[in-house]
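Visitor: The structure follows.
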Amino acid sequence: MRRSDTIKGNIFSAVEKLALNPGRSALGVLSGLLLALSFPKAEVGLLAWVGLVPLVEACSAAPLGRVFRLGWLQGFVFNLASLYWIVITLDRFAGLKPIFAVIPLVLLAALLALYTALATWAAEFTARRLSLSIGFTWPLAWTAAEWLRTYFPIGFPWNLLGYSAYRNLEVIQVAELTGIYGVSALIVFFNCVLWMVVFRRQTRREQTLALGTLTFVMVAVVFFGAARLRELRAMTSAGSLKVGMVQGNIPQGLKWDPGFLASSFEVYAEQTRFAARAGAQLVIWPETAAAFLFQASDRYPAGLALDAVYRARLLALAREARAPILFGAPALAKADDSEAGFYNRAYLVSAAGTVVSYYDKMQLVPFGEYVPLAPLLGTFVKRLVHGFGDLRAGKRQTIFAVGGARLAVLICYESIFPELARAAALKHADLLVNITNDSWYGRSSAPYQLLAMAAVRSVETRLPMVRVANTGISAVIQPTGETTAQTPLFSRGTEVETVALARAATFHTLVGDLFAEACLVGAAVLALLGWLRPRRSMTV
């Protein structure tokens, strides 16, 4: 039998088993849909606090093999519903017909669902084998799976459960201690206790203990959050920087058209002059706003004469405006093996028109900016990024000094990785700058989801963030997680805002993902103990 036939057989077997249990399967589907609706764009955040209850009920007393499949089904539905914008991206910019563009979405949703399946199975396995409360095992296993998803195998921590609460400022302040993972664990714990109370499957003593613990934890979290909000809003800033946030609104379909380069550049030049007249101490352009190869030096290959011309024009613009410009641009690189490559780069140009420094994006987008397992998958994956070829990952983080401020840049997708913002804080940055190009996603939920995830980086580090997007959403994010100066999608203009700087080391900055790592170790130890413990009467 061929391997492909075996895989197909396993998939059909799983689907068949789910179909034979329509009641439990329906609960898994319902759970996935409820969680998807709790995230932007629908953004009914309260649904996250009840959305796992159907899944917990479906898994209760079910055989463990079925528990794994139910967890996978819930995760699959959730990811299909919340990542639907992938089809829009592939259809509009990769030239794939919708019927074919659905295939990558389905494959990604199926892969991400394995983390939910693993968490669900581990939570039920340890609860049953070790006679532990699901109020303990589920938050532990769920948080461990979210941490794994952030880093392994390729890193795609999109829409972790805690992000659904980004508008609930009192609750998310705990992220300065635990990172986003602590918010996720709290929401899972709330769902588990709610299930215990509603379905009354435990003894009254167990219900009372769980409800009392939840009440204590929720009161502590809300009181802590409210106190921190008051403290942060009353805190004296460590200085300020007046920034001009240029939203060029250049259509993605025209962005890399050489015939459109002149008009595209003039859009940014005009907006830069406006920001400078308004007193901006720093003008910020979005990711790859300079739609030409900008090199750190003026030495260009003969075939890139036009790029050299526009490099000179950009430097002249900074001198004319008498304002430094921070902007995104592709840059040509040479690898050790002399093969040509490209960087997704952020440059700082001084008001005197000189290149001060640059930062190369370190966390590249899988399947968009690079192909994971390229020898195996490279032949089958179409690239999405037009205008330059294979991207190389940067190796170091750069701190830019402007007007007394110390800036760290997160390019697009990097804003969803806590470790990058934390590394900037450890290097004594007092402002995060997120430059991005969200035009890929149209008017879908993706730009709103990215904004929600970026907001939590400010809470974790207590650093303000200036977010500048090509087509929106641009915004200033306060250390509390509040968004101000938010722009609408697909509008052109420049916001000039004075941003208060912050210099504060949070517990999360000092220890990183210690909370999530402890959950991972705890879940692994419990799984091992459960595996070693002699089996008693339990459903397997």
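The values are calculated or read from the model by the stated rules, or taken from the named source; none is laboratory data. In this text, all values refer to a predicted model and were calculated from it rather than measured experimentally. For neighbour counting, all protein chains shown are included, and Cβ atoms are generated from backbone atoms with ideal geometry for every residue, glycine included.
Visitor: Just checking, which of R200, R230, R205 is free of Cβ contacts under 8 Å to residues at least 40 places away in the same chain and at positive phi?
Guide: Working: R230 fails: at positive phi; R205 fails: at positive phi.
It is R200.
Visitor: Give T120, T137 a once-over and let me know the one that is farther than 20 Å from E517 by Cβ and either β-branched (V, I, T) or not in a helix (DSSP H, G or I) (or both). Reasoning before the result, please.
Guide: Details: T137 fails: farther than 20 Å from E517 by Cβ.
Answer to the check: T120.
Visitor: Write out, first by first residue and then by second, each pair whose Cβ atoms fall under 7 Å of each other, whose residues are 6+ apart or on separate chains, and whose first residue, in the range 471-486, is closer than 19 Å to A175 by Cβ while the second is aromatic (F, W, Y) and at pLDDT 95 or above.
Guide: From residues that are closer than 19 Å to A175 by Cβ, the pairs are G481/Y166.
Visitor: Okay, moving on. Could you tell me whether any residue of the range 123-130 is of a type outside the set (D, E, K, R), touching a Gly at 6+ places or on another chain (Cβ under 8 Å) and not in a loop (DSSP other than H, G, I, E, B)? Spell out the reasoning first.
Guide: Initial filter on the range 123-130 (of a type outside the set (D, E, K, R)): 123, 125-127, 130.
Retained after the next criterion (residues that are touching a Gly at 6+ places or on another chain (Cβ under 8 Å)): 125-126, 130.
Then keep just the ones that are not in a loop (DSSP other than H, G, I, E, B); that gives 125-126.
Looking through the range 123-130, at least one residue is of a type outside the set (D, E, K, R), touching a Gly at 6+ places or on another chain (Cβ under 8 Å) and not in a loop (DSSP other than H, G, I, E, B).
Visitor: Of all the residues that make up the range 61-80, how many are of a type in the set (A, V, I, L, M), in a helix (DSSP H, G or I) and surrounded by fewer than 19 Cβ atoms within 10 Å (Cβ to Cβ)? Talk me through it step by step, then tell me what you get.
Guide: Initially, the range 61-80 is screened for residues of a type in the set (A, V, I, L, M), giving 61-62, 64, 67, 70, 73, 77, 80.
Imposing the further condition that a residue be in a helix (DSSP H, G or I) reduces the set to 64, 67, 70, 73, 77, 80.
Still in the running and surrounded by fewer than 19 Cβ atoms within 10 Å (Cβ to Cβ): 64.
Total satisfying the criteria: 1.
Visitor: Of the conditions (1) part of a strand (DSSP E or B); (2) modelled with pLDDT under 95, Y413 fails just one. Which one is it?
Guide: Against the list (1) part of a strand (DSSP E or B); (2) modelled with pLDDT under 95, Y413 comes up short only on (1).
This table checks each residue for (1) in the same structural domain as R467 (by TED's automatic domain parsing); (2) of a type in the set (D, E, K, R); (3) out of contact with any helix residue (DSSP H, G or I) (no Cβ under 6 Å at 6 or more places or on another chain).
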position: G259; (1), (2), (3): yes, no, yes
position: A269; (1), (2), (3): yes, no, no
position: V283; (1), (2), (3): yes, no, no
position: E287; (1), (2), (3): yes, yes, no
position: Q295; (1), (2), (3): yes, no, yes
position: R311; (1), (2), (3): yes, yes, yes
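Visitor: For T494, are the conditions met, namely being at pLDDT 95 or above, part of a loop (DSSP other than H, G, I, E, B) and either surrounded by 22 or more Cβ atoms within 10 Å (Cβ to Cβ) or in contact with a Phe, Trp or Tyr (Cβ under 9 Å, 6 or more places away or on another chain) (or both)?
Guide: On the way: at pLDDT 95 or above: yes; part of a loop (DSSP other than H, G, I, E, B): no; either surrounded by 22 or more Cβ atoms within 10 Å (Cβ to Cβ) or in contact with a Phe, Trp or Tyr (Cβ under 9 Å, 6 or more places away or on another chain) (or both): yes.
Considered against the rule, which asks whether it is at pLDDT 95 or above, part of a loop (DSSP other than H, G, I, E, B) and either surrounded by 22 or more Cβ atoms within 10 Å (Cβ to Cβ) or in contact with a Phe, Trp or Tyr (Cβ under 9 Å, 6 or more places away or on another chain) (or both), T494 comes out as no.
Visitor: Identify the residue in the range 432-450 that is among the hydrophobic types (A, V, I, L, M, F, W, C) and part of a helix (DSSP H, G or I) and, among all such residues, is surrounded by the most Cβ atoms within 10 Å (Cβ to Cβ).
Guide: First, pick out the residues of the range 432-450 that are among the hydrophobic types (A, V, I, L, M, F, W, C): 432-433, 435, 440, 446, 450.
Then keep just the ones that are part of a helix (DSSP H, G or I); that gives 440, 446, 450.
Numbers: W440: 25, A446: 22, L450: 23.
Result: W440.
Visitor: Wholly within the range 197-278, which helices (runs of 4 or more DSSP H) include no fewer than the required count, namely at least 2 residues that are under 25 Å from I435 (Cα atoms)? I'd like the intermediate steps shown before the answer.
Guide: On the way: elements: 204-234, 252-255, 261-277.
Where helices (runs of 4 or more DSSP H) fall fully within the range 197-278 and carry at least 2 residues being under 25 Å from I435 (Cα atoms), they are 252-255, 261-277.
Visitor: Can you tell me which residues in the range 487-511 are among the aromatic types (F, W, Y) and farther than 21 Å from E170 by Cα? Break it down into steps so the answer makes sense when it comes.
Guide: Quick first cut of the range 487-511, residues among the aromatic types (F, W, Y) only: 490, 507.
Of everything in the range 487-511, just one residue is among the aromatic types (F, W, Y) and farther than 21 Å from E170 by Cα, namely F490.
Visitor: Another question about this same structure. Examine the range 345-352 for a residue that is exposed (fewer than 15 other Cβ atoms within 10 Å of the Cβ) and out of contact with any Cys (no Cβ under 8 Å at 6 or more places or on another chain), and state whether such a residue exists.
Guide: Start the filter on the range 345-352 by keeping residues that are exposed (fewer than 15 other Cβ atoms within 10 Å of the Cβ), which leaves 352.
So of that shortlist, the ones also out of contact with any Cys (no Cβ under 8 Å at 6 or more places or on another chain) come out as 352.
Looking for residues that are exposed (fewer than 15 other Cβ atoms within 10 Å of the Cβ) and out of contact with any Cys (no Cβ under 8 Å at 6 or more places or on another chain), one finds at least one in the range 345-352, hence yes.
Visitor: Test of understanding: among A454, A429, which residue is under 15 Å from E419 (Cβ atoms) and assigned to a helix (DSSP H, G or I)?
Guide: On the way: A429 fails: assigned to a helix (DSSP H, G or I).
When all the criteria are applied, what remains is A454.
Visitor: Checking the condition in the same structural domain as Y84 (by TED's automatic domain parsing) and free of Cβ contacts under 8 Å to residues at least 60 places away in the same chain, which residue from A454, A518, A527 passes?
Guide: Working: A454 fails: in the same structural domain as Y84 (by TED's automatic domain parsing); A527 fails: free of Cβ contacts under 8 Å to residues at least 60 places away in the same chain.
A518 is the lone residue from the list that is in the same structural domain as Y84 (by TED's automatic domain parsing) and free of Cβ contacts under 8 Å to residues at least 60 places away in the same chain.
Visitor: Would you be able to say whether some residue in the range 127-141 is more than 17 Å from G530 (Cα to Cα) and of a type in the set (K, R)?
Guide: No, because not a single residue in the range 127-141 is more than 17 Å from G530 (Cα to Cα) and of a type in the set (K, R).
Visitor: Give me a count of the residues in the range 127-184 that are under 26 Å from R205 (Cα atoms) and touching a residue at least 60 places away in the same chain (Cβ under 8 Å).
Guide: Qualifying residue count, the range 127-184: 12.
Visitor: Search the range 84-99 for residues being at pLDDT 80 or above and either assigned by TED's automatic domain parsing to the domain that holds G253 or in a helix (DSSP H, G or I) (or both), and hand back the single one that is surrounded by the fewest Cβ atoms within 10 Å (Cβ to Cβ).
Guide: Quick first cut of the range 84-99, residues at pLDDT 80 or above only: 84-90, 99.
Those left that are additionally either assigned by TED's automatic domain parsing to the domain that holds G253 or in a helix (DSSP H, G or I) (or both): 85-90, 99.
Numbers: W85: 19, I86: 23, V87: 20, I88: 18, T89: 22, L90: 22, I99: 9.
Only one residue tops the list, namely I99.
Visitor: Taking the residues in the range 347-368 that are under 19 Å from the mean Cα position of the chain (by Cα) and assigned to a strand (DSSP E or B) as candidates, determine which candidate is modelled with the highest pLDDT. Working first, answer last.
Guide: Of the range 347-368, the ones under 19 Å from the mean Cα position of the chain (by Cα) are 360-368.
Now drop any that are not assigned to a strand (DSSP E or B), which leaves 360, 366.
Numbers: D360: 97, P366: 78.
Top of the filtered list is D360.
Visitor: While we're here: Does Y181 fit the bill of being under 16 Å from the mean Cα position of the chain (by Cα) and either in a helix (DSSP H, G or I) or surrounded by 20 or more Cβ atoms within 10 Å (Cβ to Cβ) (or both)? Working first, answer last.
Guide: Values: under 16 Å from the mean Cα position of the chain (by Cα): yes; either in a helix (DSSP H, G or I) or surrounded by 20 or more Cβ atoms within 10 Å (Cβ to Cβ) (or both): yes.
Yes; evaluated as a whole, the condition is true for this residue.
Condition check ((1) modelled with pLDDT of 95 or more; (2) touching a strand residue (DSSP E or B) at 6+ places or on another chain (Cβ under 9 Å)) across all residues:
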{"position": "V221", "(1), (2)": "yes, no"}
{"position": "R228", "(1), (2)": "yes, no"}
{"position": "G239", "(1), (2)": "no, yes"}
{"position": "S263", "(1), (2)": "yes, no"}
{"position": "F294", "(1), (2)": "yes, yes"}
